[in-house]
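> Can you read through this structure? Questions will come right after.
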Amino acid sequence: MSIHTHTQTIPLFPLGTTLFPDGVMLLKIFEVRYLDMVKQCVREGSGFGVVTLNSGDEVRMPGQEVGFNAVGTFARIKEFDPVQPSLFMIQCQGEQRFRVKTSETKRNGLIIAEVDFIEDDAFMEVPEDLKIASTVLGKVIQSFKEQGAALGKELPFSKPYRFNECGWVANRWCELLQLSPGQKQFFLEQESPRLRLDLIHELLEEMGVYKAVK
């Protein structure tokens with residue numbers, strides 16, 4: 001369900017990876033600009049935007065300018081662990097996608113952007129010819145559960161599982177597959193959830209994933 005339906009101003013967190021709606025991301029926060037941002041988010045119950053870097057580094061370097069993709073995902077903090085005053089561990093969850101209209105970098109290096117939120121994926125039932133993508137995803141999740149329980153690790157995404165929904169299935173595969181940041185960004189920007197799953201299905205076949213997971 002869409003939470004935002006209009007233009008808003010939000011802080012951005014450029015990363016070398018891509019956050020998808022309903023995805024879970026663990027972050028170690030130690031830069032002052034992001035420590036302040038996280039404290040404000042926790043205090044106000046607000047969130048921040050995750051955008052994928054296309055130039056520059058995650059950690060601020062003197063005189064370096066960073067470039068990032070215009071389409072990102074709004075993140076809300078679900079778990080907050082202030083390990084030290086200068087080190088936070090957070091777990092955040094992806095919500096709604098957005099498109100950056102304008103942005104500016106504050107003196108402390110934090111990027112503030114005016115963004116337009118993008119409507120959530122329309123519900124599209126996984127068609128019969130793509131149900132193998134859902135079935136194999138279910139097996140992968142079950143395997144993660146078994147291995148994670150043994151190692152004390154959590155799944156990289158949370159419930160509810162929507163195996164009958166094209167967009168949800170495609171997004172989870174995007175997180176699981178070893179894709180480049182550019183490839184993940186390409187899938188994030190696909191407006192049609194059915195097309196996104198179609199493309200993922202072709203990729204899974206090419207990579208031999210269906211044959212490998214039994």
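The values are calculated or read from the model by the stated rules, or taken from the named source; none is laboratory data. Since this is a predicted model, take the numbers as computed values, not measurements. Glycine also receives a Cβ, built like all others from the backbone with ideal geometry; neighbour counts cover every protein chain displayed. Just so you know, the surface numbers come from the protein's heavy atoms only, side chains and all, with ligands and any DNA or RNA stripped out. Shrake-Rupley method; radii C 1.70, N 1.55, O 1.52, S 1.80 Å.
> Using a Förster radius of 35 Å, what is the FRET efficiency between Arg43 and Glu128 based on their Cβ-Cβ separation? Nearest 0.05, please.
Given R0 = 35 Å and the Cβ-Cβ separation, E is 0.10.
> Can you give the local net charge around Asp22? Use residues other than it whose beta-carbon is closer than 13 angstrom to its beta-carbon, Lys and Arg +1, Asp and Glu -1. Write down the numbers at each step before the final one.
On the way: positive: Arg76, Lys78, Arg97, Lys159, Arg162, Arg172; negative: Glu95, Asp120, Asp121, Glu165, Glu175.
With Lys, Arg at +1 and Asp, Glu at -1, the net is +1.
> Also, quick follow-up: In the chain, what percent of the accessible surface is made up of carbon and sulfur (1.4 Å probe, ligands and nucleic acids excluded)? Walk me through the numbers before you get to the answer.
Details: 5910 of 11400 Å².
Using a 1.4 Å probe with all protein chains present, the chain comes out at 52 percent carbon and sulfur.
> Something else about it: Output ³J(HN,Hα) for region 168-183: one whole-Hz value per residue in order, computed from phi by the Karplus curve 6.51 cos²θ - 1.76 cosθ + 1.60 with θ = phi - 60°, and x for Gly and Pro.
Listing the rounded values in order: 5, 5, 4, 5, 5, 5, 4, 6, 7, 6, 7, 10, 6, x, x, 5 Hz.
> While we're on this one: Just to be sure I understand the model, the point goes 7 Å from the Cα along the line to the Cβ. What's the resulting Glu206 to Leu35 distance in nm?
So the two model labels end up 4.4 nm from each other.
> For the pair Glu189/Thr135, report the inter-label distance in nm, with labels modelled 7 Å from Cα in the Cβ direction.
Result for the modelled spin labels: 3.4 nm.
> Run down the lysines and flag those whose C-alpha is under 20 Å from the C-alpha of Lys39, throwing out any fewer than 8 positions away in its chain.
Leaving aside lysines fewer than 8 places away in the same chain, those within reach of Lys39 are Lys28, Lys78, Lys106.
> If you count, for each residue, the other Cβ atoms within 10 Å and average over each peptide, how do 90-96, 140-146 line up from highest to lowest? Provide the component values of the computation, followed by the final result.
On the way: 90-96: 21.0, 140-146: 13.3.
In decreasing order of mean packing, 90-96, 140-146 become 90-96, 140-146.
> Per residue, what accessible area does region 154-214 have, given a 1.4 Å probe and all protein chains present, in Å²? Walk me through the numbers before you get to the answer.
Working: 3130 Å² over 61 residues.
Ligands and nucleic acids excluded, the figure is 51 Å² per residue.
> What order do Arg107, Arg97 take when sorted by accessible area (1.4 Å probe), most exposed first? Don't skip to the answer; put the middle values down first.
Details: Arg107 225, Arg97 20 Å².
Correct descending sequence by accessible area is Arg107, Arg97.
> Taking a point 7 angstrom from the Cα of Arg162 along the C-beta vector, which residues in region 6-23 have backbone N less than 12 Å away?
Output list for this probe position: 21-23.
> Below 30 Å, Cα to Cα, which lysines can Lys211 reach? Residues fewer than 8 away in the same chain don't count.
Cα-Cα hits under 30 Å: Lys131, Lys139, Lys145, Lys153, Lys159, Lys184.
> Taking the chain as the reference, fit the longest principal axis to its C-alpha atoms, fit the long axis of helix 193-207 to the helix C-alpha atoms, and give the angle between the two in degrees, 0 to 90, nearest 10.
Tilt of helix 193-207: around 70 degrees.
> Sticking with this one: As I understand it, the value is the acute angle between the Cα axis of helix 131-151 and the longest principal axis of the Cα atoms of the chain; what does it come to in degrees, rounded to 10?
60 degrees
> Quote to one decimal, in nm, the extra length available between Val213 and Gln8 on full extension: 0.36 nm per residue of separation minus the C-alpha distance between them.
Details: separation 205, 0.36 × 205 = 73.80 nm, distance 4.27 nm.
My answer for the length gained is 69.5 nm.
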